[in-house]
Amino acid sequence: MSDRTTQLVEAALRVFMRYGVGKTTMNDIANEAGVARQTLYNSYGSKEDILRGAVRHVIAKTFKEVTTAWAEVPTLAEKLDLYFEIGPLRWYDIATGSAEGAELLDGIHEVAQEELRIAAREWDALFTDAVRAADGPDPETLGPYINAMSTNAKYNVADRQTLEMRLKVLKQSVLALMGTQK
């Protein structure tokens, strides 16, 4: 991703968090990025296009952060802890950290379905490889299960502590299935 593209999508994310997807205009994003509106339109034809670009950017950045962190730890237990902090817990904090965070997530789920499907396949593969490397049973099933459960653990939680507990139970369940506590 070019520096200009990064500048645009990160500006868009800041504005979406401030105003929500519905109230944000392309002019708001251009002003935040410090570029002319036409410059923004040259890269992204609509607010939905830049939202999809922002989703791709965040997914790639998170994936890189997780894989880099995982290279430093040997056990699946440690990898899960790192992923939970970098992924689901951070996403929860974003969603609850501003009045517009939840609306942003709703907008993402509405507009960026294809990006989310592609990301799910990438995360499924990463978890499958991690289970396989830990000599876990049925990696092709357990890997996607970890991804699905950790991604969906945020729904209907009253607070971060509840989400942390759900992720802890998921980790304990996975490790029990694998017959290890590592």
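Considered as a group, the residues in the stretch 69-113 that are assigned to a loop (DSSP other than H, G, I, E, B) and at pLDDT 90 or above include one that is nearest to the chain's Cα centre (by Cα), and that residue is 112. Filtering the stretch 115-137 to residues that are at pLDDT 95 or above and either on the phi > 0 side of the Ramachandran plot or charged (D, E, K, R) (or both) leaves 115, 117, 121, 122, 124, 129, 132.
On the stretch given as the stretch 113-134, residues that are among the small types (Gly, Ala, Ser), farther than 21 Å from residue 180 by Cβ and surrounded by fewer than 20 Cβ atoms within 10 Å (Cβ to Cβ) total 2.
For the stretch 144-160, the set of residues classified as surrounded by 11 or more Cβ atoms within 10 Å (Cβ to Cβ) and out of contact with any Pro (no Cβ under 7 Å at 6 or more places or on another chain) consists of 144, 145, 146, 147, 148, 149, 152, 157, 160, listed by residue number.
Of the listed requirements (1) part of a helix (DSSP H, G or I); (2) surrounded by 14 or more Cβ atoms within 10 Å (Cβ to Cβ), residue 165 misses just one: (2).
For the stretch 49-68, state whether one or more residues are under 26 Å from residue 160 (Cβ atoms) and not in a helix (DSSP H, G or I). Looking for residues that are under 26 Å from residue 160 (Cβ atoms) and not in a helix (DSSP H, G or I), one finds none in the stretch 49-68, hence no. When residues in the stretch 76-104 are screened for being more than 21 Å from residue 131 (Cβ to Cβ) and of a type in the set (D, E, K, R), 4 of them pass. Do we find that residue 10 is modelled with pLDDT of 95 or more, in a helix (DSSP H, G or I), over 23 Å from residue 116 (Cα atoms) and not basic (Lys, Arg) in this structure? Criteria not met by residue 10. Determine if the stretch 14-21 includes at least one residue that is assigned to a loop (DSSP other than H, G, I, E, B), at pLDDT below 95 and surrounded by 19 or more Cβ atoms within 10 Å (Cβ to Cβ). There is at least one residue in the stretch 14-21 that is assigned to a loop (DSSP other than H, G, I, E, B), at pLDDT below 95 and surrounded by 19 or more Cβ atoms within 10 Å (Cβ to Cβ).
The one condition from (1) in contact with a helix residue (DSSP H, G or I) (Cβ under 8 Å, 6 or more places away or on another chain); (2) touching a residue at least 12 places away in the same chain (Cβ under 8 Å) that residue 102 does not meet is (2).
Could we say that residue 174 is in contact (Cβ under 8 Å) with a residue 40 or more places away in the chain and hydrophobic (A, V, I, L, M, F, W, C) here? When the stated conditions are applied, residue 174 passes them.
Exactly one residue among 62, 24 is among the polar types (S, T, N, Q), farther than 24 Å from residue 88 by Cβ and surrounded by 16 or more Cβ atoms within 10 Å (Cβ to Cβ), and that residue is 24. The lone criterion from (1) among the β-branched types (Val, Ile, Thr); (2) within 17 Å of residue 90 (Cα to Cα); (3) in a helix (DSSP H, G or I) left unmet by residue 128 is number (2).
The values are calculated or read from the model by the stated rules, or taken from the named source; none is laboratory data. What you see is a predicted model, and the numbers here were worked out from it, not measured in a lab. Cβ: placed from backbone, ideal geometry, glycine included. Neighbour counts: every protein chain shown.
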